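Engineer: Sending over a structure as structure tokens; questions will come in a sec.
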Amino acid sequence: MLRVIQTLASVDAEASGPSYSVPRLCRSLGELGHRVELLTLGAPSVAEAGNVRHERFARDLSWSRQLAKAGASWQMRRALARADADVFHTHGLWMMPNVYPAGISQAKGRPFVLSPRGMLGADALKFSYPAKQVFWALFQGKAARAVTCFHATAHSELEDIRAFGLSQPVAVIPNGIDLPAIVSRPTPEREGAAPYVLSLGRIHPKKGLDRLVAAFAIVSAEFPDWRLRIIGPDECGCAAVLQQHAASLGLSRVSVEPPVFGSEKQSILESAEVFALPTLHENFGMTVAESLAVATPVISTQGAPWAGLVENRCGWWVKHGPEPMAAALREAMSMPAMERREMGRRGREWMERDFAWPAIAEQMAGVYRWLGTGGVRPNCIWD
């Protein structure tokens with residue numbers, strides 16, 4: 001049995017990929033018999049389920065909005081210092097919960113794993129770049145140099161890690177995905193239901209949603225029954241900007257909607273004829289996996305690591321820009337509905353074959369064991 005400490009800034013943003021994938025990884029490791037503790041920021045609380053313990057800690061410096069953003073928490077740091085673990089694993093960058101485990105793991109002589117979660121991508125680094133430079137100089141740089149092994153969810157993220165000048169070994173292990181039951185896959189002849197293209201996730205400049213709206217404008221006249229639905233939490237006031245952009249292009253069949261969760265989210269994903277991810281950069285893209293898991297075909301830009309969409313004949317992997325996205329939209333919207341259904345079926349089979357959580361957790365546990373004992377080197381490790 002391994003004893004694993006995981007840290008993540010927060011799991012409160014339900015629309016964020018790590019808010020699902022990190023707790024789910026912890027649960028899967030626990031189901032394999034390992035003892036896992038997840039430490040996050042939030043309203044102080046402790047929850048235990050099986051072999052997984054989740055403890056939340058209050059932020060310090062809450063009197064200052066800017067200082068509180070760094071996520072300093074003396075209580076979390078003290079809990080980490082008291083912890084007895086075989087490996088420390090943090091998810092994300094640019095906050096103190098991603099820094100604390102570095103020095104503590106060194107002091108205890110334990111391996112330290114860091115998952116950047118897409119935050120080392122060139123486009124991601126552009127946002128708040130001056131603040132990140134300062135944080136790197138003060139805290140994050142030292143923590144990154146203390147890493148024993150990085151974890152990347154795709155080979156493109158491995159390239160980001162190397163481009164940033166970090167040379168430690170990297171374990172390339174994708175996120176897993178739960179496969180929900182599809183009770184009643186909507187039929188192509190749904191009475192009164194207009195077919196729609198869906199994009200679901202954070203509404204943020206790095207998601208490239210303005211390009212998706214422009215692409216839809218190119219093809220919308222050819223498909224007068226189709227809609228484009230953009231759903232997710234608004235960041236930086238981007239929702240209003242997108243709505244204005246759609247209005248300026250004369251688009252009346254584009255909606256920007258608030259986030260949905262749970263069964264409502266699954267229903268919207270299932271009912272979509274095609275899912276579109278126009279992102280500038282993504283280390284994984286959980287919404288792609290979620291869409292394929294409910295048998296909805298996907299169009300993704302090459303800003304996300306989904307070349308397998310083409311290899312598994314369940315979607316399109318296109319270059320950036322409105323024109324390549326428009327070409328994929330035209331092809332998807334022109335094909336018979338049952339052909340799109342068949343693409344979706346192949347996508348779900350792919351998720352079941354390569355992205356089941358038990359196998360993902362076993363790969364991660366293999367990395368932890370290798371780091372701790374120097375045993376058999378896992379095949380997922382890249383120098």
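Engineer: Quick one: in region 334-378, which of the residues that are outside any helix (DSSP H, G or I) and closer than 25 Å to residue 110 by Cβ is modelled with the lowest pLDDT? Working first, answer last.
Structural biologist: To start, the set of residues in region 334-378 that are outside any helix (DSSP H, G or I) comprises 335-336, 355-356, 374-378.
From what's left, closer than 25 Å to residue 110 by Cβ: 374-378.
Working: 374: 81, 375: 78, 376: 86, 377: 94, 378: 96.
Among residues in region 334-378 that are outside any helix (DSSP H, G or I) and closer than 25 Å to residue 110 by Cβ, the one modelled with the lowest pLDDT is 375.
Engineer: If residue 84 satisfies every condition in (1) over 22 Å from residue 208 (Cα atoms); (2) open to solvent by less than 10 Å² (accessible area, probe 1.4 Å); (3) acidic (Asp, Glu) but one, which is the exception?
Structural biologist: Here residue 84 clears every test but (2).
Engineer: Same structure, new question: Name the pairs whose Cβ atoms lie under 7 Å apart, with the first residue in region 129-142 and in contact (Cβ under 8 Å) with a residue 60 or more places away in the chain and in a helix (DSSP H, G or I), the second crowded, with 16+ Cβ neighbours inside 10 Å and of a type outside the set (S, T, N, Q), and 6 or more positions between them or separate chains?
Structural biologist: Sorted first by the residue in region 129-142, then by its partner, the pairs are 135/94.
Engineer: Follow-up. Which of the following residues is open to solvent by 10 Å² or more (accessible area, probe 1.4 Å) and either in a helix (DSSP H, G or I) or in contact with a Phe, Trp or Tyr (Cβ under 6 Å, 6 or more places away or on another chain) (or both): 78, 117?
Structural biologist: Values: 117 fails: either in a helix (DSSP H, G or I) or in contact with a Phe, Trp or Tyr (Cβ under 6 Å, 6 or more places away or on another chain) (or both).
Residue meeting the stated conditions: 78.
Engineer: In region 225-248, which residues are small (Gly, Ala, Ser) and surrounded by fewer than 15 Cβ atoms within 10 Å (Cβ to Cβ)?
Structural biologist: Within region 225-248, 237, 240, 247, 248 meet the criteria.
Engineer: Next question. Of the conditions (1) assigned to a helix (DSSP H, G or I); (2) over 19 Å from residue 195 (Cα atoms), residue 327 clears all except one; give me its number.
Structural biologist: In the conditions (1) assigned to a helix (DSSP H, G or I); (2) over 19 Å from residue 195 (Cα atoms), residue 327 misses (2) alone.
Engineer: Only one of (1) under 23 Å from residue 227 (Cβ atoms); (2) open to solvent by less than 20 Å² (accessible area, probe 1.4 Å); (3) touching a Gly at 6+ places or on another chain (Cβ under 8 Å) is not met by residue 303, so which one is it?
Structural biologist: Failing condition for residue 303: (1).
Engineer: Cβ-Cβ distance below 8 Å, separation of 6 or more or different chains: which pairs start in region 229-251 with a residue that is in contact (Cβ under 8 Å) with a residue 40 or more places away in the chain and within 18 Å of residue 278 (Cα to Cα) and end on one that is assigned to a helix (DSSP H, G or I) and of a type outside the set (Gly, Ala, Ser)?
Structural biologist: Cβ pairs passing all conditions: 229/268.
Engineer: Could you say whether any residue in region 132-153 is open to solvent by less than 30 Å² (accessible area, probe 1.4 Å) and under 17 Å from residue 269 (Cα atoms)? First the steps, then the outcome.
Structural biologist: If we filter region 132-153 for residues that are open to solvent by less than 30 Å² (accessible area, probe 1.4 Å), which is where we start, we get 135, 140-141, 143-144, 146-147, 149-153.
Filter again for under 17 Å from residue 269 (Cα atoms), leaving none.
No: zero hits.
Residue-by-condition table, conditions (1) within 22 Å of the chain's Cα centre (by Cα); (2) at pLDDT 95 or above:
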{"site": "51", "(1), (2)": "no, yes"}
{"site": "57", "(1), (2)": "no, yes"}
{"site": "70", "(1), (2)": "yes, no"}
{"site": "99", "(1), (2)": "yes, yes"}
{"site": "107", "(1), (2)": "no, yes"}
{"site": "110", "(1), (2)": "no, yes"}
{"site": "114", "(1), (2)": "yes, yes"}
{"site": "127", "(1), (2)": "yes, no"}
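Engineer: Among what's in region 34-49 and is part of a strand (DSSP E or B) and within 23 Å of the chain's Cα centre (by Cα), pick the residue that is farthest from residue 74 (Cα to Cα). Explain how you work it out, then say what you get.
Structural biologist: Of region 34-49, the ones part of a strand (DSSP E or B) are 35-41, 45-49.
Now drop any that are not within 23 Å of the chain's Cα centre (by Cα), which leaves 36-41.
On the way: 36: 21, 37: 17, 38: 16, 39: 13, 40: 12, 41: 11 Å.
Filtering first and then ranking leaves 36.
Engineer: Okay, next question. Only one of (1) of a type outside the set (A, V, I, L, M); (2) over 30 Å from residue 263 (Cβ atoms); (3) modelled with pLDDT of 95 or more; (4) open to solvent by less than 70 Å² (accessible area, probe 1.4 Å) fails for residue 222. Which number is that?
Structural biologist: Status for residue 222: all satisfied but (4).
Engineer: Report, ordered by the first and then the second residue, all pairs with beta carbons closer than 8 Å, sequence separation of six or more or different chains, a first member in region 273-288 that is farther than 19 Å from residue 335 by Cα and of a type in the set (S, T, N, Q), and a second member that is in a helix (DSSP H, G or I) and open to solvent by 10 Å² or more (accessible area, probe 1.4 Å).
Structural biologist: 279/206; 279/207; 283/156; 283/160; 287/17
The values are calculated or read from the model by the stated rules, or taken from the named source; none is laboratory data. Small disclaimer: the values here were computed from a predicted structure and weren't measured. Neighbour counts run over all protein chains shown; Cβ positions are idealised from the backbone, glycine included. Keep in mind that these areas ignore ligands, DNA and RNA; they rest on the heavy atoms of the full protein, side chains included. Shrake-Rupley method; radii C 1.70, N 1.55, O 1.52, S 1.80 Å.
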